[in-house]
Amino acid sequence: MLRPDKITKAGRFNSFDNNEILLGKKKNHLPAMGWNSWNAFGSGNTEALTKAMADKMVELGLDKKGYQYVVLDDGCYNPERIGGKLAAEPVKFPGGFKSVSDYVHAKGLKFGMYNDIGVKTCSGARVGICGYEDVDAKSYVEWGVDFMKVDNCYYPFDNATFSNSENAAYTFTPDIRAIKICGKKSEILSAVSDGRITGDRAHAEKDYVTGLGTFDGTGPDASPVGVRSSELIFDYEPSADNKTDNNEYQILVEYRSSKEEGRGDWLQLAVGDEYYYDDFLTKGLDAELSDKNLNDPDNRNNPVDNNMPDLDEAENKEAADKEFIWSEPVTVKLGDGISHIRIMNHRRQENTLNSYSRILKALNEAAPGHDIIYSACEWGKSHPQNWAYKVCDSWRILNDITFRVGSDGDPGHGDWKDDYTPSVTTQYNKAVIMDEFAGLDKGWNDPDMLMIGMDGLSEIQCRTHMTLWCMMNSPLMLGLDLRRVQKGDWIYNIIANDDVISINQDSLGVQAKRVFSTLAKECPDKEYIRDINRVDILVKPLSGDRFAITFVNVSEEDKKDSYSITLGEIQKFLGDRIKSADTYLVKDMWTGEETENNSGIFEVNGLKACDQVTIVVTPEN
Amino acid sequence: MTTAAFIDYLTEEYRGDTAAFWKHMMADNSEEMLMQPVTKKKAALILHAMMRDSLDIKDVDWDKARKLKDIYDCRICANAVAQVIERGLIEPEKPDLFGMQIPMEDEELLSAVKKLII
């Protein structure tokens, strides 16, 4: 039966802020640079195309500029395991993965592959790692993998893409109306009037609390900053009537369960940091969901599934009309004085961390000491900025940057703006305020692969796209058919700009901070601003006491105003990382122009639509 | 109708060169997958592959497809879904919901093929 693992203390929500790295994961990696097949060729990538890309990376000298990894994304596997093992799709990859890996390594490059923490990959190939971590890790080590990108489709413990939508039962508590604390007598506490809701999104409705869990971060509707989940806490001190001699009490929970986003069936009950219950409340639900998740998720008899809530109207109404019932009692210990009884469900984050950890553990066992760069691609669903640093090197922050990937002969399509995630600005808007989560000791926010070279983006937009990704310490994964690029053409001039690459690869490893925005009310570094009709200023401390400044016009209209920032204003945000001086040497990263600045005021006069000016400033005394 | 039968029907109706399309289908589908009923997302993927591999029909920009709230649930098929919607080959389940996993009836599949090929 598929069941989530028991979670150890190290993998608990309470441990997310402790900066502890798990499983000996090596850190101090600068953002990965390379080429990934997905944006370029989608699931149509082949062995021949991959080798051609490796050839081009060397021919263009991109390897010398830092682009190392050649990553096979989805679509490369035989759709079924063979003998229980992963295998290459024989038509697309007739020589097998080892031959591709050897070819890439012979070029002085590194080899990356893709899989999924679920039972299938997103393309539907039944080769997801779930339950096969040990077997697959051995395969990856045999193939000489240096980089792993791991996706989240068909994940059996959440309502991820193509997973059973009922898996939401794992990730939210039921609606909670009350708890009963039984000592010498019993006391009933109302969720609404006696409990307090912490965090975000859970709320009181009539006489119960709903939404206790971690909300879905895949879309652009919510800021990544702050606590992204909720708990219901009862601050309880036993009355004299109820107090027991041995401090043991029984707690019952009055609940109404379901299997939908916001209202599930899995309860975590803790007193402070001591967990007393961490499971489904409904007996047999684990077996029922396991059965559905193990059977081909694309072949269930129930057509009304896969996150189609509107088609579940009848079921939803039925769930809402269900009666509240009392749980079985849970024995807990309450100390003298006030105890904090926590009703919660952090399994969305904890299960996902655990699944990514299982893969790392297996890779460690298969090749102790081998340092594989590990890219979590769960689209920000479980807010990986909180936990992924423990086992990964980077974490996707949103759903994909494009859904119109290329193929052989078609460059695909990218957009500057979109209401959902597929655009440069949607990804930028979120990543730019996530600098607090990034660093050499942690890893990097990943606003997805570069779309430079796709239809739909102008040269200016591509240049700004590259600059922002460099300033934000994003991994730099090219996603185009490199056979279209020649040295000296505009695409080459963007992706091969040593100066902006050096910003991304600076040894200090600090993501830029947004220190100004024309639309910020008070805190430009923390406010989540989605309106793109604005100008932002980013500052990134660099090694050698230098710093980079980007002035970016996020809008699609030319701006004629001047925008400036003083050293003092920058220092308010970045403190003594920014050094004062009498003179500053200033170099424009795109024009190469070098000037001197004696005022400590850095200014641009007007910015074209979607354009940027980026300078590196060196204080001189 | 199984996925295999749908692919067969599509290639028979076209009667042109389908080698590239066929190769694509065989690479992406195991024997077991070919025996499955055709869901709407699967139909979109197959039709779109035919459009690109054999019919040389270029993608169009997304318009109506943007209104579908489940279109972004499927990175592998989002564009395929958009293309069949924009060309009127498959109707969404609701104006704002495509219905990725809903199995299609034979009549709907045959109709989609006729709209594409004719």
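The values are calculated or read from the model by the stated rules, or taken from the named source; none is laboratory data. These figures come from a predicted structure and were not determined experimentally. Ideal geometry is used to build each Cβ from the backbone, glycine not excepted, and the neighbour counts take in all protein chains shown.
From A:221, A:279, which residue is free of Cβ contacts under 8 Å to residues at least 60 places away in the same chain and outside any loop (DSSP other than H, G, I, E, B)?
Working: A:221 fails: outside any loop (DSSP other than H, G, I, E, B).
On inspection, the qualifying residue turns out to be A:279.
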> Just wondering, is there one or more residues in segment A:46-59 that are within 14 Å of chain B (Cβ to nearest Cβ), in a loop (DSSP other than H, G, I, E, B) and closer than 30 Å to residue A:494 by Cα?
Replying inline: yes
Check segment A:304-312 and report whether any residue there is at pLDDT 60 or above and either under 27 Å from residue A:227 (Cα atoms) or more than 14 Å from chain B (Cβ to nearest Cβ) (or both).
no
For segment A:414-434, pairs from a residue that is more than 11 Å from residue A:401 (Cβ to Cβ) to a residue that is modelled with pLDDT under 95 and part of a helix (DSSP H, G or I), with Cβ under 9 Å and 6 or more apart or across chains, are A:419/B:66
Among residues of segment A:144-166 being of a type outside the set (Gly, Ala, Ser) and away from chain B (no Cβ under 14 Å), the residue nearest to the chain's Cα centre (by Cα) is A:150
Here the qualifying pairs (Cβ atoms under 6 Å; residues six or more apart or on different chains; first in segment B:64-86 and at the interface with another protein chain (Cβ under 10 Å from one of its Cβ atoms) and surrounded by fewer than 23 Cβ atoms within 10 Å (Cβ to Cβ); second of a type in the set (A, V, I, L, M, F, W, C) and part of a helix (DSSP H, G or I)) come out as B:65/B:71; B:65/B:82; B:65/B:85
In the set A:429, A:354, A:364, the lone residue that is crowded, with 22+ Cβ neighbours inside 10 Å, at pLDDT 95 or above and not hydroxyl-bearing (Ser, Thr, Tyr) is A:429
(request) For residue A:425, indicate whether it is of a type in the set (S, T, N, Q), out of contact with any Pro (no Cβ under 6 Å at 6 or more places or on another chain), more than 14 Å from chain B (Cβ to nearest Cβ) and closer than 30 Å to residue B:48 by Cα. (result) yes
Are any of the residues in segment B:99-109 more than 13 Å from every other protein chain (Cβ to nearest Cβ), modelled with pLDDT of 95 or more and closer than 23 Å to residue A:153 by Cβ? no
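With modelled with pLDDT of 95 or more and among the small types (Gly, Ala, Ser) as the only criterion, which of B:5, B:27, B:20 stands out?
Every option except B:5 fails the conditions.
In this structure, is residue A:63 touching a Gly at 6+ places or on another chain (Cβ under 7 Å), surrounded by fewer than 21 Cβ atoms within 10 Å (Cβ to Cβ) and charged (D, E, K, R)? Write out each step before concluding.
Details: touching a Gly at 6+ places or on another chain (Cβ under 7 Å): yes; surrounded by fewer than 21 Cβ atoms within 10 Å (Cβ to Cβ): yes; charged (D, E, K, R): yes.
Yes, satisfied.
Conditions tested, residue by residue: (1) surrounded by fewer than 23 Cβ atoms within 10 Å (Cβ to Cβ); (2) touching a residue at least 40 places away in the same chain (Cβ under 8 Å); (3) not basic (Lys, Arg).
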site	(1), (2), (3)
A:438	no, yes, yes
A:445	no, yes, yes
A:455	yes, yes, yes
A:484	yes, yes, no
A:494	yes, yes, yes
A:497	yes, yes, yes
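Tell me, please, whether a residue that is assigned to a helix (DSSP H, G or I), within 11 Å of chain B (Cβ to nearest Cβ) and either closer than 29 Å to residue A:487 by Cα or touching a residue at least 40 places away in the same chain (Cβ under 8 Å) (or both) can be found in segment A:91-105.
To start, the set of residues in segment A:91-105 that are assigned to a helix (DSSP H, G or I) comprises A:96-105.
Checking the rest, the ones that are also within 11 Å of chain B (Cβ to nearest Cβ) come to none.
Taking every residue of segment A:91-105 in turn, none turns out to be assigned to a helix (DSSP H, G or I), within 11 Å of chain B (Cβ to nearest Cβ) and either closer than 29 Å to residue A:487 by Cα or touching a residue at least 40 places away in the same chain (Cβ under 8 Å) (or both).
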Of those in segment A:111-129 that are within 19 Å of the chain's Cα centre (by Cα) and hydrophobic (A, V, I, L, M, F, W, C), the residue farthest from residue B:39 (Cα to Cα) is A:113
Note on residue A:251: of the conditions (1) under 23 Å from the mean Cα position of the chain (by Cα); (2) surrounded by 21 or more Cβ atoms within 10 Å (Cβ to Cβ); (3) among the β-branched types (Val, Ile, Thr), unmet is (1)
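Which helices (runs of 4 or more DSSP H) sit wholly inside segment B:1-112 and have at least 3 residues that are within 14 Å of residue A:124 (Cα to Cα) and β-branched (Val, Ile, Thr)? Lay out the reasoning, then the answer.
Values: elements: B:3-14, B:19-28, B:31-34, B:40-53, B:78-86.
Fully inside segment B:1-112 and qualifying: nothing.
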